[in-house]
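Rule-based calculations on the coordinates, nothing more; no lab input. All values reported here derive from a predicted model rather than from experimental measurement. Cβ atoms come from the backbone with ideal geometry, glycine included; neighbour counts cover every protein chain shown.
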Amino acid sequence: MTNMTRLCLAALVTLALIAAAKAAPPEQARPMLKAEALVTGDIVRIGDLIENAGIVANVPVFRAPDLGSTGSVPVDAVLEAVRAHALVGLDTAGLSEVAVTRASRAIPAKEVEDTIATALSKQFGLGEPKNVAVMFERELRAIQVEPNAQGTVRVSRINYDARSGRFDVTLEIPTGATNRGLLRLAGRAAAAVDVVTVLRPIDRGAILQDTDVMVERHPRAELTRDMVSDRGQAVGFAARNALQPGRPLRSADLMKPELIQRNETVTIVYEVPGIVLTVRGKAIDGGAEGDVISVLNEQTKRTVQGVVIGSGRVSISTSSPRLAANIAPTRSATSATTRQ
């Protein structure tokens, strides 16, 4: 056999090997357990739980959790469910369980509440929908529907008793691409107004900050005329008494922040035409700006009344320089300024 013949045979063998390699089916990837699975519909299939499950991927094995919920499936239960389907070499990846979540679309409770308020407003004359407070017999949470559910909540039927404020309503809820279901709810509804409430317990005398308050809607019939309806009427003011969360604030619950505390050392400012005298005193009462409080003149040991004009300062107006001299008799204890 010549060298040329040998070279031709070698080339033919190489080409045959390459063609055989191309014609051979690719090696199938090893099946592997997933740590998490997201499913649609009410059935969990093998392919939801295992990567590279092959021809058995669509075989159902478990019921899915409720819409929008997550459940855990032990790995032993998964292995038992797929044992009969010959998944050779299944890699469990060291997992002990698989988290299965059922996909959903959430219809917010606020959307349901607004839908009912609008229906009550139109059919029973309760004013604008934004001014209708809706309170359900049971706490209403977001309604979970299939991810492909189309459309919005609609009122199918509604009844309302104006004397008691009670209502019952049947709603149409989108449950699928073309399906709708019915949901019945009951509660009370009434015309409402905005009121300010505190978010946490507030001690007496504490000054309210913006983060301490929120605006809520409450039935108008349950409120009094002195309710605080705007945040600006509360922020920066002090609590006259201890305040509890959720209770509407009244004007009487608030006061200007105290600039002088009881028993605090203060500066008493005596003013007469042309003269300003100052002397040290002791506050008998606490007070905010503009409040009239009693103070003890520590020089004369007399108790007088004055107006809080600033932090630690109380103003007392007198009618004559002689009276001012009697109140503050010693120059060593006072400072005087003559006005030009």
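Note on SER72 and ALA109: the model spin-label points, each 7 Å out from Cα along the C-beta direction, lie 2.7 nm apart. So I have (1) 234; (2) 334; (3) 384, and one of them is volume of the Cα convex hull per residue in Å³ calculated from this model. Which one is it? The listed entry that was calculated here is (3).
Taking ALA29, ALA283, ALA106 in turn, the Gaussian network model of the chain (Cα-Cα springs below 10 Å) assigns the largest fluctuation to ALA29.
Comparing LEU126, VAL75, LEU249 along the charge dipole axis of the chain, the residue lying farthest to the positive side is LEU249, per the Cβ-charge model. Computed over the Cα atoms of the stretch 94-150, the ratio of the radius of gyration to the Kirkwood radius (Rg/Rh) comes to 1.25. So what does log10 I(q)/I(0) come out to for the stretch 104-255 at q = 0.11, 0.18 Å⁻¹, using the Debye formula with one equal point on every Cα and no solvent? Relative scattering, expressed as log10 I(q)/I(0), comes to -0.55, -0.99. A Förster distance of 51 Å, applied to the separation of the beta-carbon atoms of ARG250 and MET32, puts the FRET efficiency at 0.20.
Extending 7 Å from Cα along the Cβ direction at THR303 and again at VAL215 yields two label points whose distance is 4.5 nm. Legend: ranking of residues LYS301, LYS130 from fewest to most surrounding C-beta atoms inside 10 Å; resulting order LYS301, LYS130. Taking a straight Cα-Cα cut-off under 18 Å and skipping sequence neighbours fewer than 8 places away in the same chain, the lysines within cross-link reach of LYS130 are LYS110, LYS122. Put in line by how crowded their Cβ is, counting other Cβ atoms within 10 Å and starting with the fewest, ARG45, ARG280 read ARG280, ARG45. Taken along the Cα-to-beta-carbon direction at a fixed 7 Å, the label points for SER96 and ALA142 span 3.0 nm. Shape summary: the stretch 68-127 maps onto an equivalent ellipsoid whose semi-axes, from the alpha-carbon gyration tensor, are 51, 10, 8 Å in decreasing order. How many angstrom lie between the Cα centre of the stretch 44-113 and the Cα centre of the stretch 181-249? Their Cα centres are 46 Å away from one another.
As a calculated quantity, the FRET efficiency between ASN263 and SER317 at R0 = 22 Å, using C-beta atoms, amounts to about 0.35. Per-residue ellipticity at 222 nm, computed for the chain from helices alone with -39500 (n - 2.57) per DSSP H run of at least four residues, works out to -5000 deg cm²/dmol. Under 13 Å Cα-Cα from LYS34, which aspartates and glutamates qualify once same-chain neighbours fewer than 8 residues away are excluded? Candidates past the 8-residue exclusion: ASP48, GLU51, ASP91, GLU97. Under 30 Å of direct C-alpha separation, and excluding same-chain neighbours fewer than eight residues apart, LYS256 reaches these lysines: LYS282, LYS301.
Across q = 0.27 Å⁻¹, the stretch 33-103 modelled as identical point scatterers on its alpha-carbon atoms has Debye log10 I(q)/I(0) values of -1.36, in the order of the q list.
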